[in-house]
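S.K.: Let me begin by handing over the structure; questions about it come next.
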Amino acid sequence: MNSSMSGAEQLSAALSAMENEIVWDAEAAYAAAVELERQADALGDETLVVRARLCRICMEMRTGDLEGAARQLDDIHDWAVAHDDSNLQARTHLTWANIRRLSGDLAQCLEHSLSAVELLDESATPYMQVTHRTRLADALGLNGAIDAARARYRQAEELARELHQWELLTMLLNNWAYTEYSSGDFSRAQQVARRLQEHATTHGPELDPAALDTIGVIQIENGEYAEAVQTMRLCIARHAAGYSDDADDLAEYHLTLARAQRGLGAFDEAQAGLDASQALCVERKLHQVLVRVYQEQAELHAARGEYAEAFRMHKIFTDASDGLQSRQAEVQAQTRLALFERAEAREDAELFREQARRDPLTGLPNRRYIDEELPGLIATDPELTVAIVDLDHFKQINDRLSHDVGDQVLVQTARILESRLTAAAPDGFVARLGGEEFLLVLPRTSDAVAAVQLDDIRKAVSTYGWQEITGGLPVTASIGVAGMHDVRTRSQAAVLSVADRNLYTAKRAGRNRVVSG
C-alpha cells in the first residue's frame, strides 16, 4: 500500500513537471507522456490516467496531429466536469484554444481561452496563472481586440514578475511583441521587442526560436533584411537543436526567412523556404499559415518579374483568405458578445448584441437576426411577403475581376435594396442570407403589390451605374417571392422554401426577373 502510494506520488510529481514547464522537445515529451499514462494505468489511478492522457494529447497537438488530439479532448473534458476538476477543465480549454488557433478558427480560440481563464481558482499553479492569461491576451489580439489584449498582457506581466516566472515572462513579451506587429503598430512592437531582449540579458535564458522569429519579422518591417536573415538562421538552428513549441513553429520560421531573403534579392533561397513552409502547412493542416504562404509566393513571383504567376497565386491567396476570414467574421461578433457578457462591464451590452446580429461586410442584419424576427411576423401578419434576391452570374464578377470587386458589388447592392425597401415597406427589413443572396421582408404587403415593388427594386439594381465598380460588367438580380397564402403551414422554413423555389424558376426563365405565386 505504501509502495503504491509512493508510486502514485512520484507519478503525480512527474506529471506536474510536464504540466507546469515550457516543453521544447514535443516529440520527447510525447514519448514521456505515453510512458506516464502507461504507469498511471498500471496503478489503476483514474485521475493520474486522465492527467497523463491530456499531457499526451497536448504533445500530439504540438507535433502536428491536430485532428487526433481534437477527437480525444471531449472525453477528458467530460471527465473533468463530472469530477469537478476545475484545473483539468481549464487545461482542456487551453488545449482546445491552441487547436482552434492552429486550424484558423480564431473566434473559437478566443472562446476557449476565456473559459481557460475563468476556470482558474486558488489551486491553480503560478504557471497556469501566467500562461492562461497570456493565451487569452494572444486570442484577443488575433481577433482584433488589441486594447483588450494589451490590458491582459499587462496583467500577466505583473503576475509573472510577482511570481518570479522569468521563463514565462520571456514567452509573454515575445507574444506581446508579435501581437503588436500583427496589428500593424510596428513602433510598439519594436518597444516590446527591446524589453524582451533586455529581459533575456538580465534574467536569461537565451532567446528561444519563437522570440527570434518575432524579432526577425520586426526587422523585416524596418527594412533590416540582412539582420533578419541572420536572426532567422539562428532561429531555425535553435529549433533544430530541440527548441520547439507548437505545430506551426517551423512553418512560420521558414516563411519569415523567405520574406527576409526576398528583401535581399535571394530569390532561389526564398523559394526553397516557401516550399518547406508550404509542405509543413499541408502536412499539419495549418490553414492560417498556408494563406500567408500563398501571399508571400505571389510577392516572390512579382519580385522576379513573373507577373502572370504572381496574378494566379494572388487569386489562390485571395480565395484561401476569403474562406478563412468569412468563417471567422460570421462568429467573431457572437464570440465578442459572449466574452463581453461574461467578463467585462455591462454598459455596452446592446452594442455588442447588435454587432452579433449584423453581417460584417454589408452592415445588414444577418441570419441570426432573421431567425429572431421573422417567425413572429409570419405568425401574426397574414399579408406578409418575403423575397429572396440573388445576384445573377455573381461568380463571374469574383473570377473575372476580383473578390474585392465582388465585395464592393455586395455592399452597393445592400445599399440599393435597403433604400428602396424603406420607401416601399418602411416597417420591413433587408438581411443578408449569405454569399450573394439577400432576404427582403415586407410586412402588411400583399404579394401582388409586393411583386410590383420588387420589380422596381430589380430595375434599380440593373440600372445602377456599375461602370466605376465593374468596368462595364453588368449586375442584375433574380427575385423569388412568397406570400402567406402560398404556404400550407406558417413557418419560416415553409415560406423561405417557396421563395427559393420561385427564385429557381426566375433563374431558369432567364434571370433578371421577379417570380411570385
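The values are calculated or read from the model by the stated rules, or taken from the named source; none is laboratory data. Since this is a predicted model, take the numbers as computed values, not measurements. Using ideal geometry, Cβ is built from the backbone for each residue, glycine included, and neighbour counts are taken over all protein chains shown. Accessible surface is based on the protein model in full, side chains and every heavy atom, while ligands, DNA and RNA are left aside. Shrake-Rupley method; radii C 1.70, N 1.55, O 1.52, S 1.80 Å.
S.K.: Could you run through region 215-241 and say how many residues are at pLDDT below 90 and among the hydroxyl-bearing types (Ser, Thr, Tyr)?
M.R.: The qualifying residues number 0.
S.K.: In addition: Can Thr422 be described as under 24 Å from Arg501 (Cα atoms) and hydroxyl-bearing (Ser, Thr, Tyr)?
M.R.: no
S.K.: Return yes when Asp45 is surrounded by fewer than 22 Cβ atoms within 10 Å (Cβ to Cβ) and at pLDDT below 85 and no when it is not.
M.R.: no
S.K.: Continuing with the same structure: Grab the helices (runs of 4 or more DSSP H) fully contained in region 261-366, keeping just those with 3 or more residues being open to solvent by 40 Å² or more (accessible area, probe 1.4 Å), at pLDDT below 85 and of a type outside the set (Ser, Thr, Tyr).
M.R.: Helices (runs of 4 or more DSSP H) meeting the threshold: 307-343, 349-356.
S.K.: I would also like to ask the following. Could you pull out every one of the helices (runs of 4 or more DSSP H) wholly within region 134-230 that has 3 or more residues that are open to solvent by 40 Å² or more (accessible area, probe 1.4 Å)?
M.R.: 146-162, 166-182, 186-203
S.K.: Specify the residue that is surrounded by the fewest Cβ atoms within 10 Å (Cβ to Cβ); the eligible residues are those in region 82-105 that are hydroxyl-bearing (Ser, Thr, Tyr) and assigned to a helix (DSSP H, G or I).
M.R.: By that ranking, first place goes to Ser86.
S.K.: Now for a different question. Among the residues of region 78-90, are any under 29 Å from Ala251 (Cβ atoms), modelled with pLDDT of 90 or more and among the acidic types (Asp, Glu)?
M.R.: No; the residues of region 78-90 include none that is under 29 Å from Ala251 (Cβ atoms), modelled with pLDDT of 90 or more and among the acidic types (Asp, Glu).
S.K.: Among the candidates Ala260, Ala200, Ala210, single out the residue that is at negative phi and touching an Asp or Glu at 6+ places or on another chain (Cβ under 6 Å).
M.R.: None of the other options fit; the residue is Ala210.
S.K.: I'm trying to understand the selection: among the residues of region 435-452, which are open to solvent by 10 Å² or more (accessible area, probe 1.4 Å), of a type outside the set (Ser, Thr, Tyr) and closer than 19 Å to Pro375 by Cα?
M.R.: Pro443, Arg444, Asp447
S.K.: Could you please find all residues in region 475-490 being out of contact with any Ser or Thr (no Cβ under 6 Å at 6 or more places or on another chain) and within 14 Å of Val441 (Cα to Cα)?
M.R.: Listed by number, the residues that qualify are Ile479, Gly480, Ala482, Met484.
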